[in-house]
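> Here it is, the structure in full.
The values are calculated or read from the model by the stated rules, or taken from the named source; none is laboratory data. If you're wondering where the values come from, they're calculated on a predicted model, not measured in any experiment. Virtual Cβ from ideal backbone geometry, glycine too; neighbours counted across all protein chains shown. Just so you know, the surface numbers come from the protein's heavy atoms only, side chains and all, with ligands and any DNA or RNA stripped out. Shrake-Rupley method; radii C 1.70, N 1.55, O 1.52, S 1.80 Å.
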Amino acid sequence: MRKALRGILSLAVLIGTVSATGASAGAATAAEPAAKQSSSTGSGSATGGENSSEDIKDRILAIPGMSLIEEKPYPGYRFFVLNYTQPVDHRHPSKGTFQQRVTLLHKDTARPTVFFTSGYNVSTNPSRSEPTQIIDGNQVSLEYRFFTPSRPAPADWSKLDIWQAASDQHRVFTALKKIYSENWLTTGGSKGGMTATYFERFYPKDMDGVVAYVAPNDVVNDEDSAYDRFLARVGTEECRDRLAGVQREALVRRAPLEKKYEAYAAGNGLTFDTVGTLDKAYEAVVMDYVWAFWQYSLLADCESIPADAAHATDQEIWDSVDGISGFSAYADQGLETYTPYYYQAGTQLGSPDIRQPWLGKLSRYGYQPPRSFVPRSIPMTFQHSAMRDVDSWVRNNARHMLYVYGENDPWGAEPFRLGKGARDSYVYTVPGGNHGSKVAGLVADEKARATAAILRWAGVAPAAVEADPAKAKPLAKFDARLDKRDDELQRNRGTLRP
């Protein structure tokens with residue numbers, strides 16, 4: 001195993017030397033269950049692997065700090081919704097704990113395991129990420145810290161950063177590795193792809209491979225011209241003109257459409273305390289319109305955009321903007337769930353600031369920064385070094401890392417790139433793809449190479465694939481319920497969030 005842990009981890013508190021931004025890798029966490037490596041591959045029992053006489057649920061719940069919320073049946077698997085006790089601050093674990101939600105799709109302890117995170121909430125229904133289907137393995141899914149209910153109380157927002165989150169993953173992996181002793185991959189899409197990357201950066205010995213989908217990489221937050229260049233050439237001129245026309249009309253007709261918005265807000269109980277005013281919320285939705293179209297839609301969907309916006313009715317303009325951007329997005333009720341994301345965007349991750357010159361002087365506020373979408377009671381200070389550190393590490397140290405982007409996805413305008421120090425790592429782009437791009441959408445030879453790499457890193461590549469990567473294909477059959485590929489894409493639909 002390429003990145004096997006060496007020996008038995010001490011149960012004593014080990015504190016690593018870390019920088020204020022968490023940029024130092026490998027800092028140890030406290031009170032972790034020991035993760036002894038086993039050379040046994042197990043019997044393959046679906047109820048406990050190498051210790052088939054002991055139920056897998058009992059083995060999982062024997063982990064200190066692990067508790068069961070519920071078990072849900074699914075044919076061929078066992079699916080557990082769990083809580084795991086985590087320190088609020090991995091540097092000072094004695095200063096309080098919180099319960100972090102984890103799900104486990106158990107197939108067989110003799111199979112490899114995929115560690116999935118969306119970077120947001122975790123679904124409590126059984127599902128498989130694409131790598132899990134490819135390797136026919138188990139899947140551990142983790143809710144990102146500070147997304148409810150996985151939020152400390154009281155919430156010290158200074159403890160929400162990429163190193164703390166990576167340390168959450170490290171502790172979960174360490175706890176479960178003694179049961180699932182075969183190879184592990186980490187994966188996620190969008191913010192989840194970013195999360196998988198940060199986990200690898202800070203704990204590079206944990207995983208055997210990384211599959212990161214459509215992961216933005218905003219290295220210099222104040223330099224966003226790449227997004228402007230992207231939007232100036234994406235798709236076709238006809239489609240860009242249609243989108244620009246609707247967006248302009250939405251601002252030209254601000255007065256009548258805001259009256260409609262007031263009625264909509266009143267009817268749905270929406271308030272605007274965080275962003276400040278209904279006018280700011282309205283413009284934020286409209287300013288997202290072009291970006292959101294390309295993020296969630298395909299070029300063929302341009303046919304649904306009014307071709308002559310100047311002569312469209314107010315209702316047609318409203319419907320188009322609402323269907324793509326969503327008029328509830330910047331109300332307090334729409335923002336509340338995503339406060340942790342906007343906090344991170346405004347403290348470490350960065351966020352786009354695009355010009356949209358076709359709007360002229362119609363915009364009153366420009367692209368509003370993340371600070372506008374986080375309650376003022378939560379302090380925020382941006383750390384410019386955080387993304388530069390990660391970007392440099394990936395360029396110079398990537399091992400067994402795969403990035404998949406969509407050609408027409410705005411978030412891919414600033415992607416992760418590989419440098420001379422990268423080994424057995426790849427960046428591929430899905431032609432015409434949006435923010436839901438997957439390995440399955442790549443051109444044939446890249447799809448085969450990516451699939452072969454995933455199988456190889458997981459330690460389950462058949463001999464025929466080892467000899468000829470063109471023969472690579474998923475080991476598990478597609479399951480219409482488990483393998484829905486649009487869940488992540490739809491979660492944030494209508495907002496400028498990765």
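> What dipole magnitude, in Debye to the nearest 20, does the stretch 56-148 give about its Cα centre under +1 on Lys/Arg Cβ and -1 on Asp/Glu Cβ? Before the final figure, lay out the partial values.
On the way: 11 positive and 8 negative charges, 29 e Å.
Charge dipole, the stretch 56-148, about its Cα centre: 140 debye, nearest 20.
> What share of the DSSP beta bridges in the chain is antiparallel, in percent to the nearest 5? Intermediate values should be presented prior to the final figure.
Values: 22 of 45 bridges.
For the chain, the DSSP antiparallel bridge percentage is about 50.
> Right, something else. Throw me the Rg/Rh for the stretch 326-391, computed over C-alpha atoms with Kirkwood Rh, two decimals. Intermediate results must be reported in sequence, preceding the final value.
Numbers: Rg = 13.8 Å, Rh = 13.5 Å.
Rounded to two decimals, Rg over Rh is 1.02.
> Between residue 54 and residue 376, what FRET efficiency comes out of the Förster formula 1/(1 + (r/R0)^6) with R0 = 51 Å and r the beta carbon distance, rounded to 0.05? Walk me through the numbers on the way to the answer.
Numbers: r = 52 Å, r/R0 = 1.02.
So the FRET efficiency works out to roughly 0.45.
> Per DSSP H run of n ≥ 4, the term is -39500 (n - 2.57); total these for the chain, divide by its residue number, and report the mean residue ellipticity at 222 nm rounded to 500 deg cm²/dmol. Intermediate results must be reported in sequence, preceding the final value.
Values: 16 runs with 157 residues, N = 498.
Roughly -9000 deg cm²/dmol at 222 nm, from the helical runs in the chain.
> Which number comes out as Rg/Rh for the stretch 135-294 once both Rg and the Kirkwood Rh are worked out on C-alpha atoms?
1.08
> Hey, if you put +1 on the Cβ of every Lys and Arg and -1 on every Asp and Glu Cβ in the chain, which of 465, 147, 383 ends up farthest toward the positive end of that dipole?
465
> With just the Cα atoms defining each centre, how far is the stretch 116-144 from the stretch 323-355? Give it in Å.
For the stretch 116-144 versus the stretch 323-355, the Cα centre distance is 24 Å.
> Looking only at Cα atoms, what is the convex hull volume of the stretch 386-498 per residue, in Å³?
About 133 Å³ per residue, rounded to a whole number.
> Quick check: Cα centre of the stretch 83-114 to Cα centre of the stretch 411-433, how many Å?
Taking the Cα centre of the stretch 411-433 as reference, the centre of the stretch 83-114 is 30 Å away.
> Here's a follow-up. Let's see if you can work this out: charge +1 on each Lys and Arg Cβ, -1 on each Asp and Glu Cβ, no other charges. What is the dipole magnitude of the chain about its Cα centre, in debye to the nearest 20? Display every interim value, and only then the final one.
Details: 57 positive and 59 negative charges, 293 e Å.
It works out to roughly 1400 debye.
> Put +1 on the Cβ of every Lys and Arg and -1 on every Asp and Glu Cβ in the chain; which of 96, 480, 235 then has its Cα farthest towards the positive end of the dipole?
Working it through, the farthest residue towards the positive pole turns out to be 96.
> Okay, next question. Students often get this wrong, so check it: of 57/107; 57/177; 178/438; 177/438; 205/473, which have C-alpha atoms separated by over 19 Å?
Details: 57/107 12 Å; 57/177 15 Å; 178/438 31 Å; 177/438 27 Å; 205/473 27 Å.
Exceeds cut-off: 178/438; 177/438; 205/473.
> Let's see if you can work this out: charge +1 on each Lys and Arg Cβ, -1 on each Asp and Glu Cβ, no other charges. What is the dipole magnitude of the stretch 347-491 about its Cα centre, in debye to the nearest 20?
Numbers: 22 positive and 16 negative charges, 65 e Å.
Magnitude of the dipole: close to 320 debye.
> Pairs of alpha-carbon atoms within less than 8 angstrom and 6+ residues apart define the contacts here; what relative contact order does the chain have, in percent?
16 percent
> Quantify, in whole percent, the carbon and sulfur part of the accessible surface of the stretch 89-182 (1.4 Å probe; protein heavy atoms only).
On the way: 1040 of 2260 Å².
Carbon-and-sulfur percentage of accessible area, whole number: 46.
> Relative to the compact-globule scaling 2.2 N^0.38 Å, provide the ratio for the alpha-carbon radius of gyration of the stretch 214-345. Please report the intermediate quantities before stating the final value.
On the way: Rg = 15.5 Å, N = 132, 2.2 N^0.38 = 14.1 Å.
Compared with the compact-globule rule of thumb, the stretch 214-345 sits at 1.11.
> Evaluate the stretch 128-171: find the radius of gyration of its Cα atoms, find its Kirkwood radius, and give the ratio Rg to Rh. Before the final figure, lay out each step's value.
Values: Rg = 13.6 Å, Rh = 12.2 Å.
Here the Rg-to-Rh quotient is 1.12.
> Let me ask you something else. Express in nm, to one decimal, how much length is gained between residue 125 and residue 385 on full extension, taking 0.36 nm for each residue of separation and deducting their alpha carbon distance. Could you put the intermediate results ahead of the total?
Working: separation 260, 0.36 × 260 = 93.60 nm, distance 3.72 nm.
89.9 nm is the gain from fully extending residue 125 to residue 385.
> In addition: Can you give the Rg and Dmax of the chain based on its C-alpha atoms, in angstrom?
Just the Cα atoms of the chain yield Rg and Dmax of 23.0, 72 Å.
> Measure of size requested: the Rg and Dmax of the stretch 138-211, with Cα atoms as the atom set and Å as the unit; please supply both.
12.5, 38
> Please go through the residue pairs 72/484; 72/159; 191/259; 159/447 and name each one whose alpha carbons sit more than 29 Å apart in this structure. Walk me through the numbers on the way to the answer.
On the way: 72/484 18 Å; 72/159 32 Å; 191/259 35 Å; 159/447 39 Å.
Where the Cα-Cα span goes over 29 Å, the pairs concerned are 72/159; 191/259; 159/447.
> How big is the stretch 279-348 in terms of Cα radius of gyration and Dmax, in angstroms?
14.0, 43
> Across bins of 5 angstrom width beginning at 0, how are the C-alpha pair distances of the stretch 317-466 distributed, in whole percent?
2, 8, 11, 13, 17, 15, 13, 10, 7, 3, 1, 0, 0
> For the stretch 147-228, report the accessible area per residue in Å² (1.4 Å probe, heavy atoms, rounded to an integer). Don't jump to the answer; show the numbers that get you there.
Numbers: 1720 Å² over 82 residues.
Per-residue accessible area for the stretch 147-228 comes out at 21 Å².
> Follow-up. Before I look further, what does the stretch 343-477 give for accessible area per residue, probe 1.4 Å, in whole square angstrom? Present the calculation step by step, with values, prior to reporting the outcome.
Working: 6130 Å² over 135 residues.
Result: 45 Å² per residue.
> On the accessible surface of the stretch 343-432, probed at 1.4 Å, how many percent belong to carbon and sulfur atoms? Intermediate values should be presented prior to the final figure.
Working: 1940 of 4040 Å².
Heavy-atom surface of the stretch 343-432 belonging to carbon and sulfur, 1.4 Å probe: 48 percent.
> For the pair residue 365 and residue 301, what calculated FRET efficiency results from E = 1/(1 + (r/R0)^6), where r is the Cβ-Cβ distance and R0 = 22 Å, to the nearest 0.05?
On the way: r = 28 Å, r/R0 = 1.26.
Once the sixth-power term is evaluated, E becomes 0.20.
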